[in-house]
Amino acid sequence: MKYLGIEPQKPKIAVFDFTSCEGCELQLLNKEETLADFLNAVEIVSFREASSSSSDNYDIALIEGAVSRNDEVKRLEKIRKNAKVLVALGSCACFGGVNRLKNEFDLKSANKEVYGNDPKETINVRPVKDIVPVDIEIPGCPVSKAEVESLICHVVWDSPFQPPVYPVCVECKQRFTTCLFEKGQMCLGPITRAGCNAPCPAGGQGCWGCRGPAVEPNYDSFFAIVKEKGFADIELREKLNFFGAFQEVIIS
């Protein structure tokens, strides 16, 4: 659509999947009430979930998934060379995600146990930023479609794009959700970055931190609450390590 007689410039977007479940890609095709406007604002040149078209001529590359094979390293490096802007899409791309749990095992022996005499090529799981420079990260498992749409608006019309800096607890309060610590569940909401609208706590499931740390999280206070509620360190470590977003956190 033209505005004041001027045809807006549509960025060419390509979506690529690496080691992942492809759920974040499907999120881009959800929320049908905004899908037509979303597709009208951009030109999709490569997106396996939505089209058979494929092109190496794109402005923005959205990368879903972590890197777990050497061929993925080479493929990602090629994509980075072609893209003006590279976006890590989802927890796997940003932190390694659930896939990163395999790094705790001896990959050679595990490979042999699972595949026997026909082992598959594999390496330790790494997030996208460990391989190539990343311009923007949109975490989440899956990502928020609204957040991706805000990013597209930022690129197309230079509208402000600022991810939330406060923790998930703020969104729980906005939804009048009872704190799950009070219900006997551990929840990473106090230290996890908001932006998801806290669907897990609202559904009765404590936050597992898929969006990574909030800005300046108060870990000391959080650890004190966890101990006060009687949770064991092993349970806390399991939560913190699940998506790979809190790898650098040392439990005090």
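Just so it is clear, none of the values below were taken in a lab; they were calculated from the coordinates. The structure displayed is predicted, hence computed values, not measured ones. Cβ sites come from the backbone with ideal geometry, for glycine too, and all protein chains shown count toward neighbours.
Data table
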| quantity | calculated |
| --- | --- |
| Listed residues 99, 241, 117, most fluctuating in the chain (Gaussian network, C-alpha, under 10 Å) | 117 |
| Loop-located GluC sites (Glu not before Pro) in segment 172-252, at most 15 other Cβ atoms within 10 Å (DSSP) | 248 |
| Counted charge near residue 185, where neighbours are those whose Cβ lies closer than 11 Å (Asp, Glu -1; Lys, Arg +1) | +1 |
| The chain: most fluctuating residue of 88, 202, 14 per GNM, C-alpha cutoff 10 Å | 202 |
| In segment 145-243, chymotrypsin sites (Phe, Trp or Tyr not before Pro) in a DSSP loop with at most 12 other beta-carbon atoms within 10 Å | 176 |
| Most mobile of 204, 90, 116 in a GNM of the chain (Cα contacts under 10 Å) | 116 |
| Net dipole in debye of segment 168-241 [+1 Lys, Arg Cβ; -1 Asp, Glu Cβ; about Cα centre; nearest 20] | 200 debye |
| Within-15-Å neighbourhood charge of residue 199 [Cβ basis; K, R +1; D, E -1] | +4 |
| Total formal charge among the other residues, if their Cβ is under 12 angstrom from that of residue 49, Lys/Arg +1 and Asp/Glu -1 | -3 |
